[in-house]
Structure formats: C-alpha cells, structure tokens
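The values are calculated or read from the model by the stated rules, or taken from the named source; none is laboratory data. The model shown is predicted, which means the values in this text are computed figures rather than measured ones. Backbone-built Cβ (ideal geometry, glycine too); neighbour counts: all protein chains shown. Side chains included, ligands, DNA and RNA excluded: accessible areas come from the protein's heavy atoms. Shrake-Rupley method; radii C 1.70, N 1.55, O 1.52, S 1.80 Å.
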Amino acid sequence: MAFTFRFATEKDLTNIVDIENASMSCPWSFCSFDEAICSSHAFVIVAEEEGIIVGYSVFYLTPPESELPDIVVKETCRGRGLGRQLLEYSIKELKSRGIETIFLEVRVSNMPARSLYEHMGFEEIGIRKYFYSNPVEDAVCMRLDI
C-alpha cells in the first residue's frame, strides 16, 4: 500500500497527538502541535495510508536553516520505509522554501532513527549531554545540507 503526504491541519491534531503519546516517552502537547500547524515559521507533514494518519514530521524554519524536532511513524507501520519517504517528501518542501540545512537531535539509544538519518546523509556534529528526560539521556546532534 502506498503512503500519501500532505500538510497537517487542525482537524488532524487528535490523531497526531494519539500517535505521539503512544510513541514518545516525553510527548509533545496538543498545544505544541497546534502552534506548529498554525505558525508561518513551521510546518507539519502527515503521512496517510488509506486515509488514516500513520506518521508525521514537524519542521521549524529559520531560513536558510531548519530544525526537525519531531518525526514519528506509527508503530504498526515501522520498518516499511515510511520514515525515509516522509523525510524525502519534507526535504522537497524545505528546498522549495529556500532551506539549505536541517538540524536535529536524536537519543543516543535510538539506533533505528540514527540509522535512517545517516542513510539520508545526516552527519553527527556533536553531543548534548543529558538532553532528554524520562529516561535521562544524551542527544546526538546531526546536520544535513540539502
């Protein structure tokens, strides 16, 4: 089954927050997603399968740079290339907006995400000690020039 991608709207908030709460140890709030969806300095892309949201990415924009603070694939859809497709789609949108560089942080222990980012060309640029909570963990800082 193919995935489709589009910009999130406020009608998508409940579904996005449900996936976030099921996937993240320190989930974003409803209000945080609402702010990103409504902001002119951010965007949220959702991935759908048969009309159901199965993943999303959030980007903050400070041209010519951007930050990827959150990207999540619903657990039942992991391992099918959706994270890569979601990033590829998002990168096309970022390029169209004049973005040249993406920054992100990822848990040191999150090997599936780190592997995806490395496969996409992200490079490690540093470590942020004790960046995450629940559990406390360092973050790997990464960068991709697009």
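Under the condition of being hydroxyl-bearing (Ser, Thr, Tyr) and modelled with pLDDT under 95, the residues counted in the stretch 1-28 number 2.
With respect to (1) open to solvent by less than 50 Å² (accessible area, probe 1.4 Å); (2) modelled with pLDDT under 95; (3) among the small types (Gly, Ala, Ser); (4) out of contact with any Phe, Trp or Tyr (no Cβ under 9 Å at 6 or more places or on another chain), the lone exception for residue 79 is condition (1).
Remark: pairs (first residue in the stretch 1-12, farther than 16 Å from residue 40 by Cα; second residue in a loop (DSSP other than H, G, I, E, B) and of a type in the set (D, E, K, R); Cβ separation under 7 Å; 6+ apart in sequence or on different chains) = 1/50.
Take residue 95 and decide whether it is under 13 Å from the mean Cα position of the chain (by Cα) and charged (D, E, K, R). So residue 95 does not fit the description; no. Number of residues in the stretch 108-135 that are open to solvent by less than 100 Å² (accessible area, probe 1.4 Å) and under 15 Å from residue 24 (Cα atoms): the value is 9.
Of all residues in the stretch 20-36, those satisfying the criterion of being of a type in the set (D, E, K, R) and in contact (Cβ under 8 Å) with a residue 24 or more places away in the chain are 20, 34.
Selection of first residues in the stretch 97-111 that are over 15 Å from residue 63 (Cα atoms) and of second residues that are surrounded by fewer than 14 Cβ atoms within 10 Å (Cβ to Cβ), restricted to Cβ pairs under 8 Å at least 6 apart or on distinct chains, gives the following pairs, ordered by first then second residue: 105/128; 108/127.
Set side by side, the residues 50, 88 differ, and just one is surrounded by fewer than 17 Cβ atoms within 10 Å (Cβ to Cβ), more than 15 Å from the chain's Cα centre (by Cα) and charged (D, E, K, R), which is 50. Can you confirm whether residue 143 is surrounded by 15 or more Cβ atoms within 10 Å (Cβ to Cβ), charged (D, E, K, R) and within 28 Å of residue 14 (Cα to Cα)? When the stated conditions are applied, residue 143 does not pass them. Against the test of being hydrophobic (A, V, I, L, M, F, W, C), farther than 22 Å from residue 146 by Cβ and out of contact with any helix residue (DSSP H, G or I) (no Cβ under 6 Å at 6 or more places or on another chain), the options 113, 22 yield a single qualifying residue, 22.
Would you pick out the residues in the stretch 91-107 that are of a type in the set (Gly, Ala, Ser) and open to solvent by less than 50 Å² (accessible area, probe 1.4 Å)? Correct list: 98 only. Taking the criterion of being closer than 17 Å to residue 82 by Cα and of a type in the set (D, E, K, R), the residues of the stretch 1-23 that qualify are 6, 20.
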